[in-house]
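The next block holds one structure in the form of structure tokens; read it before the comments.
The values are calculated or read from the model by the stated rules, or taken from the named source; none is laboratory data. Because the structure is predicted, anything quoted here is derived from the model rather than measured. Don't worry about glycine lacking a Cβ; one is built from the backbone with ideal geometry, like all the others, and counts go over all protein chains shown. Ligands, DNA and RNA are stripped out before the accessible areas are found, and what is left, the full protein with its side chains, is counted by its heavy atoms. Shrake-Rupley method; radii C 1.70, N 1.55, O 1.52, S 1.80 Å.
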Amino acid sequence: MSAIHYLVFLPLLAAAVAGLANKGAGSTLPKLVTTGALFASAALSWMIFLHYLGEGTEPSIAPVFTWIASGNLQVEWALRVDALTAVMLVVITSVSSLVHLYSWGYMEEDPDQPRFFAYLSLFTFAMLMLVTANNLVQMFFGWEGVGLASYLLIGFWFKKPSANAAAIKAFVVNRVGDLGFMLGIFGTFLVFGTVDIPTILHEAPSMGGSTIGFLGQRWDTMTILCLLLFLGAMGKSAQLGLHTWLPDAMEGPTPVSALIHAATMVTAGVFMVCRLSPMFETSHVAMGVVTFVGAATCLFAATVGTTQTDIKRVIAYSTCSQLGYMFFAAGVGAYGAAMFHLFTHAFFKALLFLGAGSVIHAMHHEQDMRYYGGLRKEIPVTFWTMMAGTLAITGVGIPAVLGNPLAIGFAGFHSKDAIIESAWAAGFPSAFWIGVIVALITSFYSWRLIFLTFYGKPRWAASEHIQHALHDHAHGADDHHGHDHHAPATGTGGYHPHESPWTMLVPLVLLTVGAVASGFVFHGFFIEPEAGEHFWRGSVAFNEHLMHAMHEVPLWVKLSATFAMLGGLAIGWLAYIRFPAFPAAFASAFRPLYLFLLNKWYFDEIYHFLFVKPAFAIGRLLWKAGDEGTIDRFGPNGFARLVALGSAGAVRLQSGYLYAYAFVMLIGLTAAITWFMVG
Amino acid sequence: MEHFPILSIMLAVPAVAAILCLYTNAATARWIALIATLVDFALGCWLWASFDLGPHAAQWQFVEFQPVFGRFAYALGIDGFALMLIMLSVFLMPICILASWEAIEKRVPEYMAAFLVTEVLMIGTFAAQDLLLFYVFFEAGLIPMYLIIGIWGGANRIYASYKFFLYTLLGSVVMLIAMLYMIGVAGTSDIPKLMAYDFDPHVQTWLWLAFFASFAVKMPMWPVHTWLPDAHVQAPTAGSVILAGVLLKLGGYGFLRFSLPMFPEASAQLVWLIFGLSAVAVIYTSLVALVQSDMKKLIAYSSVAHMAIVTGGLFAFNQQGIEGGMMVMLGHGLVSGALFLCVGVIYDRLHTREIDRYGGLAINMPRYAALFMLFTMASVGLPGTSNFVGEFLGLAGMYKVSTTMTLLCTTGIILGAAYMLYLYRRVVFGDLTKDDVKAMPDLSLREILTLAPIAAVVLWMGVYPESFLKPMRADTERLVARIERASPKGDSLPTAGHPAAKPAHEAHGEAH
């Protein structure tokens, strides 16, 4: 047993203890066990990570035991650690342990806390299995395991129909991606005769120019394999087309959104592309598709994010958009930058989600930003930490231009600028421009969130959640549901938001440290040409030349992201502080555009019309017209009618079947025996 | 006979117990049946433990041979495939008896006897080494099941048992004729000898089709599957467990034991038929499962979809496909059996299989909800559970032959998730609003004893399937070697790459 074994299996053990004890042992024991295990894992992860930052170590593989052995297919349970894994370990266990702690406060009043903490720890285990996989099948195990945990946690409040629907949607949409992943594994196994990742990556470069049959056509081998695998990544990382589950996943408790649907699980697709980067490098077509899908998602999700009013949905679309950044970074070959953004994003996005959770907690479960306003004095810690998160995601910092020797800024400044600059340096001007435009939109919607929530005057009184809270205080239990949307009441309504307990504030403050400093402190290891080469040590296809080129882009390219950020801030400030009537006027002036964005480009409606409804209709048709109307009608029922024509009654006939059956068997056997006796 | 005739004893124990049952009252019959099935399970474990897995192990072990008359012999013996299927049978049997403990109230002694006879016939089918002996066990196995549905079944049991019977009869008559022909040509009814006999490829096609007629119905493959939903809906819980758990495996076992090794050329020639029907079955029955309002019907349709992966895998002509097919059979036997038990648990409380009558069970039946979730996830093929290993291997094997058919069959992982999670949501999730549902108590100890062992094996098989793959490995290798000469060419045919074409900056990831 080495450190990595403990690191990975402690959360599993804790999940089992918490899940089996369930309510039998009260809620404190499961909480202590799971949270304790996660902090232990986090400590071990940082030790491993610091080791890689320091002298650098060769990849290690800790075997567990054989999983599947069938002919030349050999699949081992094994834990691989290299620089890429170490980065993921730190991200997963740090965010997960803080989310565990945060949930002590956030889930305080929930009667099902043991189950919640068991699921959280189970998720962490599955995610750790995913990133330590040394073969594609174990990666798929983790992949599906996190999918299961995500499903269980989205539907954690299983009494709510919307939560159940969202949980199923998440699982099923992810399975569409998994179809690609599975076929990709089959194809890879067929071509390379193994599912062992190092072997595949070693062999992949020699497969250039090879062709393969798929669905009756000939294709470039590596292109088709990469695209199939990438389909899996698109599902898990909610990329355009398979993104529809992510916003709905916000039905889950907010700590879940922070951990699974922002910091860790949804980045699994990016991790996969980086892990298999030597494979993707062999296909220009696949790389082009990754870039295109990433850029398209980046733009799409950002535009939708500008119109949403649910605080969690805004952050969810923001996540989707930031994942797009990571993908197009990978697509242009800047894997270091993609992983860097994954790393910094984990901190600031978890921070934003947990901050949003703190706001929701303070506002008595109200999630609609239209009913917020003026909260910065009421919940100052939440305000300042979310402010740090916003400065990080919008990329505030001072670029290294005009004689300034050292770029310095919040986390997102370093990582996002690296992506935008490397898109330019790699010769993808269209991706570069999308990156810049999205930087502007990101800044706009992020500041919009801050302004609507913390600035302006309170608009709490109109919220039904707040009214519930007030009524509960005033009259005890009250089922007053006649809330009035027609009366846009403003003001506090006499409600007093309360700052969250220390269990929730400590994670916020710690994540703030990450959101502020992780970019500046670590950028050398992730993206500097020499240091990066030394740090990654081949665990991703680190492109030293591209990283050099990135530092030598023209001045205006370096400044573009910062100007875009300032532009977004200015528009946000004008629209939501200076002229608060402007957004409504804009929305009514450009109503079709507004509705198009508000309804998320109508993806859900189109999918419902194209897939969900037909599936049920065809199912009913096949059942009624196929099974009953054709097969049974002309099969057994037809036969029965035929026989019944010449028979006294169906009942006698049917009760006679057993004897007929035994009789036929006997006849047959007698015939056989006679034949042998004679022969 | 040199050694202890353990297979005969495994046949004798339930047979004797069945007779004893008929002469006792209900309470005693239950105990006799439970003890007899447990003894058989213990014998099965011994069988597994003493099964030789060494490098020089014989293919056929525990062989017993007793000439009866003419060419007909009482010949028993098992290989790894048979061993695993016998284990599945003897494992599920005590669980079935326990599941019927309170649910069956009328004619208990006869009911228990019918189950014990089923056990005899199932073990006999898997252990028979004589073609005619196999035929007797194989066909007779349906008679007790027919009775179980017809006597202890639901309201529409007569129609169901009639349909069940009609389908299976037609297939078996044709198969018997083919068997007689084979014995005549090959001059032996010894199955191991027949497995090595090379029939004329032209005749093979006809023989293959004759066997196919019987096995396809048992499987069941589309479009001869419509007896299964009715049979399941009408059968008592334990009847469904055995039907799904073991009887559906007879078809797959038949393909594995007869069609592939005895008619390799015909098998290769007709792969398109098997693959085509399998792909249709996956999509068709999954969509039909999606719209079912009866829990048992839904699971029955899902069985058809799962068994299509078995046929696809078996006819992939490679090790992954065949081992995958076998693993799906074992996994599906456990999981669908467990799902039927789960339905039985709540059926016993509310006496309805209507999905919409339930809802919110997670609140008052948390243990039930947890176990049901595990089996739902296993049915969906989540890695770490038994079904994933089988589905993954089966589809991986199939991919080597046809990418298109594999794509179509793999859609089952999407549709399967949709119908199973939709079922689970309607039964277990949601709020608890109905008064009679609120009154339902959580699992009793007896019910936990039926479900927990299956749950344990489902996880075992998912995490360390080597225990189950190992006994079958040598047999699969032999089978693959036997059919290799006819193995169909795949449609992938990757060509070699040109190392020169690799991108200039690519080497950095690896070389430095």
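Quick look at the numbers
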item: Net charge, residue B:394 excluded, C-beta distance under 13 Å - Lys, Arg +1, Asp, Glu -1; result: -1
item: The protein assembly as shown: C-alpha gyration tensor shape, a/c 1.5 cut-off, then a/b vs b/c; result: prolate
item: Per-residue SASA entry for residue A:620, accessible area with 1.4 Å probe, Å² rounded to 10; result: 120 Å²
item: Fully extended contour minus Cα-Cα distance, from residue B:31 to residue B:351, at 0.36 nm per residue; result: 112.6 nm
item: Partners for residue B:434 among aspartates and glutamates (Cα-Cα distance below 19 Å; same-chain residues under 8 apart left out); result: B:294, B:348, B:354, B:356, B:442
item: Accessible area (Å², per residue) of the protein assembly as shown, counting only protein heavy atoms and a probe of 1.4 Å; result: 33 Å²
item: Solvent exposure, largest accessible area first (probe 1.4 Å, DNA, RNA and ligands not counted), of A:38, B:169, B:408; result: B:408, B:169, A:38
item: Value at 222 nm in deg cm²/dmol, rounded to 500, when DSSP H runs of n ≥ 4 in the protein assembly as shown each add -39,500 (n - 2.57); result: -22000 deg cm²/dmol
item: Aspartates and glutamates with Cα under 16 Å of residue B:163, excluding same-chain neighbours fewer than 8 positions away; result: A:627, A:628, A:632, B:139, B:230
item: Normalised contact order of chain A, rounded percent, pairs of Cα under 8 Å and 6 or more residues apart; result: 12 percent
item: Cα-projected label distance for residue B:22 with residue B:452, points at 7 Å along beta-carbon direction, nm; result: 3.7 nm
item: Per-pair calculated FRET efficiency, R0 = 45 Å: residue A:530 and residue B:482 via Cβ, rounded to 0.05; result: 0.15
item: Accessible surface, 1.4 Å probe, highest first, among residues B:435, A:220; result: B:435, A:220
item: Accessible surface of residue A:509 - all protein chains present, 1.4 Å probe, nearest 10 Å²; result: 70 Å²
item: Kyte-Doolittle mean at least 1.6 and Cα axial length at least 18 Å: DSSP H helices in chain A; result: A:3-21, A:221-236, A:284-305, A:502-527, A:657-678
item: Length released on extending from residue B:69 to residue B:46, taking residue separation times 0.36 nm less the Cα-Cα span; result: 5.1 nm
item: Rough spin-label spacing in nm, given labels placed 7 Å along Cα→Cβ, for residue A:502 and residue A:606; result: 5.2 nm
item: Relative contact order (%) - chain B, alpha-carbon pairs under 8 angstrom, separation at least six; result: 15 percent
item: FRET efficiency estimate (nearest 0.05) - Cβ-Cβ, residue B:464 to residue B:280, R0 30 angstrom; result: 0.30
item: Burial of 50 Å² or greater, region B:67-82 residues [accessible area, probe 1.4 Å, versus chain by itself]; result: B:69, B:71
item: Exercise: per-residue mean of other protein chain Cβ atoms within 10 Å, B:143-154; result: 1
item: Links that overshoot a 22 Å alpha carbon limit, given the list A:23/A:159; A:23/A:312; B:249/B:297; A:349/A:558; A:236/B:400; result: A:23/A:312; A:349/A:558; A:236/B:400
item: Rounded to the nearest 10 Å², the accessible area of residue A:586 at probe 1.4 Å; result: 90 Å²
item: Inter-chain Cβ neighbour average for residues B:409-420, partner chain, 10 Å; result: 5
item: Principal axis dimensions, largest first and in whole angstrom, of chain B by Cα; result: 72, 71, 42
item: Net charge contributed by nearby residues that have their C-beta within less than 13 Å of residue A:457 (K/R +1, D/E -1); result: +3
item: FRET efficiency, 1/(1 + (r/R0)^6) with R0 35 Å, evaluated for residue A:162 and residue A:490 via beta carbons; result: 0.80
item: Net +/- balance of residues flanking residue B:354 in space, Cβ distance below 14 Å, scoring K and R +1, D and E -1; result: +4
item: Order of exposure, largest accessible area first, which applies to A:248, B:348 with probe 1.4 Å; result: B:348, A:248
item: Value of relative contact order over region B:320-439, rounded to a whole percent, pairs C-alpha under 8 Å and six or more apart; result: 44 percent
item: Using distinct alpha-carbon pairs, which all enter the 1/r mean, Kirkwood radius of chain A in Å; result: 27.0 Å
item: Accessible surface buried upon A-B contact (total; probe 1.4 Å; Å², nearest 100); result: 8600 Å²
item: Two-site label geometry, residue A:555 and residue A:570: point separation in nm, points 7 Å out along Cα→Cβ; result: 1.9 nm
item: Full-extension gain in nm, residue A:581 to residue A:61, via 0.36 nm per residue minus C-alpha separation; result: 181.2 nm
